[in-house]
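None of the figures in this text is laboratory data; all of them are computed from the coordinates on show. As the structure is a computational prediction, the values presented were derived from the model and not from experiment. Every residue, glycine among them, receives a Cβ derived from its backbone with ideal geometry; neighbour counts consider all protein chains shown.
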Amino acid sequence: MEQRAHWGSRLGFILAAAGSAVGLGNIWKFPYITGENGGGAFVAIYLLCVALVGLPVMVAEVLIGRSTQSSPVRAFHKLAGAGSGWVGMGWLGVAASFVILSFYSVVAGWSLHYTYLSLTGFTVNLEPSQFEPLFQSAFSSPTLNIGWHTVFMGLTMAVVLGGVAKGVERWSRILMPGLLLMMLILLINGFTLDGFGKAVDFMFGFRTDKLTAAGALEALGHAFFSLSLGMGAMLTYGSYLRKDDDIMGASITITVLDTAIAIAASMILFPLLFTQNMEAAQGPGLVFISIPIAFAQMPGGAFLAPIFFGLLVFAALTSAIAMLEVTTSSFIDVQNWTRKKATLFAGGLIFVIGIPSALSGGTDLFGADLEAVIGKNWFDAFDYLASNWMLPLGGLGIAIYTAWRMNEAIRHDHFLAGSKLQVFYKAWLFLLKFLVPVGIILVFLQAVGLI
Ligand code: TRP
């Protein structure tokens, strides 16, 4: 039998997993949903969801992956038996990868386009009023969207073709430090702006009057999305671990990094907005319309804009690599395909599924037009379906399986192996048994209007 691929080092795993977690969700989505939900109180709920629900689920996913040395479908196959309904959980994860990556690649394509525009000085050459039409015309151009979608999926496939250590890990080691450096430059800039104090107050001032049940649902859904949980991505990355790696320790590091970067991204974006007296609630157009306007009006904007859009591209790429790796790894495990065949097939299919998303601005496909992105339509609906339903559902299944069905000896053994944090075993299991399922079910009930 062929040897399972493994990471070259512990740091390699952490960088790749953090790369999966840190994505458009942190830099594009977290700031805008925080803005829409009024700041402080939403941030506090989000932090609770991350610590009490997200982290335990991440440990469970990595543990299932490492103990089975398999991608999601085969992992449940091994654990629960071939005919078991749990195998469906694995397939749900693969399906979620397809759904998410297909629209993710379109947004990543805009990031590539804006990196190109900012390198050619668009913030200097345009008037503030021209940025909204610019985004609209970019989004409605089929050539442009298909073109960048092709480039982005091509890059993603090229990395995944290289394999675990020589592709995914190697590129994470290059892209992640680059991402952190770009964040640091932008954060220092944010700190020097007049709007910084107002941004701190907005993010951390606790305004309970803004707390809504719908906001709590969104916070939980986003915790899953941002930590890449509920679809077998962390499970797949965990399957490339060796037995002496510390699962709990690594999961804490990844969770803290992901959360810190989402908050740092907000502390980059809100000072820019507030300094120009713009509103926090900008919606999905935040980074593609409002932020270019802010850059155009500030000194040094022409230098900072390419750094910001480059940051978005790096973040999107490491996440897309993880999503493609879930599907590739599944085809390798289930169909016994070579990596090359699996990558080309999965990547090709996602490329095709992404075409309607890429065209939705121009041709009104599925009833979508630009409103679909700025307001609420199928593009938003896809995102809503994946992050508020498929991922929490996947997380619920993983929590229930690990806490209630998994063999106690395997679970205990794998939690302890290589870990200095063995004292957390009981607390982890307690959260996974009770708080995680109850929390997820409550928000589901709330979402369908039963409570
Ligand atoms: N975490 C990613 C982000 O914040 C998005 C994402 C969701 C993801 N599920 C994933 C990335 C699975 C990789 C694998 O942008």
Taking 51 Å as R0, compute the FRET efficiency from the Cβ-Cβ separation of S84 and Q297 and round it to 0.05. 0.30
How much length is gained if the chain between H412 and L435 is pulled fully straight, taking 0.36 nm per residue apart and subtracting their Cα-Cα distance, in nm to one decimal? 6.3 nm
When the C-alpha atoms of the chain are aligned to their principal axes, what extent does each axis show, in angstrom, from largest down? 64, 49, 42
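Would you mind counting up the charge near G348? Only other residues with Cβ under 13 Å from its Cβ, with Lys and Arg at +1 and Asp and Glu at -1.
Values: positive: K340, K341; negative: none.
With Lys, Arg at +1 and Asp, Glu at -1, the net is +2.
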HN-Hα J in Hz across the range 37-50 - Karplus 6.51, -1.76, 1.60, θ = phi - 60°, x for Gly and Pro: 9, x, x, x, 5, 5, 4, 4, 5, 4, 4, 5, 4, 5
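For D333, D245, what ranking results if the residue with the fewest other Cβ atoms within 10 Å of its Cβ goes first?
Values: D333 24, D245 21.
Sorted ascending by nearby Cβ count, the order is D245, D333.
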DSSP loop GluC sites (Glu not before Pro) with at most 16 other Cβ within 10 Å: longest gap in the chain: 3-278
The range 133-240: C-alpha gyration tensor shape, a/c 1.5 cut-off, then a/b vs b/c: prolate
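How many percent of all Cα-Cα pairs in the range 71-126 sit more than 15 Å apart?
64 percent
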Among the lysines, select those whose C-alpha is under 23 Å from the C-alpha of K341, and discard any that sit fewer than 8 residues away in the same chain. K166
Tell me the angle of helix 142-161 to the major Cα principal axis of the chain, expressed in degrees between 0 and 90 and rounded to the nearest ten. 40 degrees
Grab the DSSP H runs of the chain that are 4 residues or longer, score each as -39,500 (n - 2.57), total them, divide by all residues and round the 222 nm result to the nearest 500 deg cm²/dmol. -22500 deg cm²/dmol
Per the 1/(1 + (r/R0)^6) rule, R0 = 56 Å and r from the Cβ atoms of W404 and Y116, FRET efficiency to 0.05 is 0.65
Unit Cα scatterers, Debye sum, the range 271-337: log10 I(q)/I(0) for q = 0.12, 0.15 Å⁻¹: -0.49, -0.61
Work out the FRET efficiency for S129 and A158 from their Cβ-Cβ distance, taking R0 = 45 Å, and round it to the nearest 0.05. 0.70
How about K243: which lysines have a C-alpha closer than 19 Å to its C-alpha, ignoring those fewer than 8 places off in the same chain? K78, K420
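For a footprinting-style exposure proxy, rank D258, D201 by other Cβ within 10 Å, fewest first.
Numbers: D258 26, D201 14.
Lowest count first: D201, D258.
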Given C-alpha coordinates of the range 1-157, what is the ratio Rg to Rh with the Kirkwood estimate of Rh? 1.05
Under a straight-distance cross-link criterion of Cα-Cα below 19 Å, which lysines are reachable from K29, leaving out those fewer than 8 residues away in the same chain? K210, K376
The Rg/Rh figure for the range 69-214, Cα atoms and Kirkwood Rh, to two decimals is 1.08
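Please give the length that would be gained between L187 and L211 if that part of the chain were fully extended, namely 0.36 nm times their separation in residues minus their C-alpha to C-alpha distance (nm, one decimal). Don't skip to the answer; put the middle values down first.
Values: separation 24, 0.36 × 24 = 8.64 nm, distance 2.77 nm.
Result for the pair: 5.9 nm of gain on full extension.
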